[in-house]
Amino acid sequence: MERDVRLRLDLGYDGTDFSGWARQPDRRTVQGVLEEALGRVLRLDPPPGLTVAGRTDAGVHARGQVAHVDVPLGALAAAGSPARETVADAEEGWRENGSQWLSTVTRRLAGVLPPDVRVHAVSVAPEGFDARFSALSRRYGYRVCDAPGGVDPLRRREVLWYARPLDVGLLNAAAARLLGEHDFAAFCRRREGATTIRELQRLEWTRGADGVVLATVVADAFCHSMVRALVGSLLTVGEGRRPVEWPGEVLAGAVRDPGVHVAPAHGLTLEEVRYPTGDELARRAEATRRVRTLTS
């Protein structure tokens, strides 16, 4: 029986014209576009299904997104061979030419994908790898411009214009109160059967030489709308409308606060997903699948 090969895809996309990552009927989504492209390149009908590290919302971008897909070795051999020649012994061809096949598949994906989504690399996933459950952390960036004249037109799709001046010191003072493992129910949209306990490892604001203020947000995982809700609450502190203590008080309440406004999607970009190495991949995936509870 022909075996499957698990592939890791490193990819990026401009989320402006997508209805988020997850496949939806009659909507243009990143997953739908990518799976259709994989089906064409690998000549598989139906196309293979993707598992992603982080399911981004409509309008959110990604530079460092990661997904995995299981494909039949024969389909990979046929797609990766020159002129799609028939490979008599796929296993032998894989051992001899596997890296070349993957490079060819990467180029062919670039030829069929639209310009707002790119697969930067296709590689063999190591044993135990799961794009979603093996991840150690995800790093997001949220970009804000508070210049009176607005955002550079060439960056309008990835930078939010905020009409009031922001104090980075106030932003960081409020952010520090949110770090650690907490129940982030106050900043998440609840989903049946899903936990809202997360470990927020980093939340830091910096102003670049171009004047754009960047929030770097790192956690083991994020629940739905969490980053944008955190950013939205902190921006009100940065402009001086709320006290530094307010986001921490909202967090402690563990109930969604009507005063928390979710920041617009287009300022948010998934920058990086980090994974362990070797045998830790499978152990990490097993541990992540367990529902978390707060320890005293």
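The values are calculated or read from the model by the stated rules, or taken from the named source; none is laboratory data. This one's a predicted model, so the numbers in the text were calculated from it and none came from an experiment. Cβ atoms come from the backbone with ideal geometry, glycine included; neighbour counts cover every protein chain shown.
Within the set VAL87, VAL69, VAL41, VAL33, the sole residue that is at pLDDT below 95 and either of a type in the set (A, V, I, L, M, F, W, C) or within 25 Å of PHE222 (Cα to Cα) (or both) turns out to be VAL87. Scan region 160-203 for residues that are of a type in the set (Val, Ile, Thr) and under 15 Å from VAL231 (Cβ atoms) and jot them down. Within region 160-203, just VAL168 meets the criteria.
Pairs are defined by a Cβ separation below 7 Å, a sequence spacing of at least 6 or placement on different chains, a first member in region 12-35 that is of a type in the set (Val, Ile, Thr), and a second member that is crowded, with 19+ Cβ neighbours inside 10 Å and assigned to a helix (DSSP H, G or I); the pairs so defined are THR16/HIS266.
Among the listed residues LEU9, LEU42, which satisfies the condition of being more than 17 Å from the chain's Cα centre (by Cα) and aliphatic (A, V, I, L, M)? The match here is LEU42. The residues of region 101-116 that are in contact (Cβ under 8 Å) with a residue 24 or more places away in the chain, under 17 Å from VAL41 (Cα atoms) and among the charged types (D, E, K, R) amount to a single one, ARG108. When each of ARG242, ARG228, ARG256 is tested for being over 16 Å from GLU204 (Cα atoms), among the basic types (Lys, Arg) and modelled with pLDDT of 95 or more, the lone residue that passes is ARG242. If you go through region 92-100 one residue at a time, do you hit one that is in contact (Cβ under 8 Å) with a residue 40 or more places away in the chain, in contact with a helix residue (DSSP H, G or I) (Cβ under 7 Å, 6 or more places away or on another chain) and more than 25 Å from VAL218 (Cβ to Cβ)? Yes, some residue in region 92-100 is in contact (Cβ under 8 Å) with a residue 40 or more places away in the chain, in contact with a helix residue (DSSP H, G or I) (Cβ under 7 Å, 6 or more places away or on another chain) and more than 25 Å from VAL218 (Cβ to Cβ). Here the strands (runs of 3 or more DSSP E) wholly within region 1-120 that include at least 1 residues being among the charged types (D, E, K, R) and surrounded by fewer than 18 Cβ atoms within 10 Å (Cβ to Cβ) are 4-13, 61-72.
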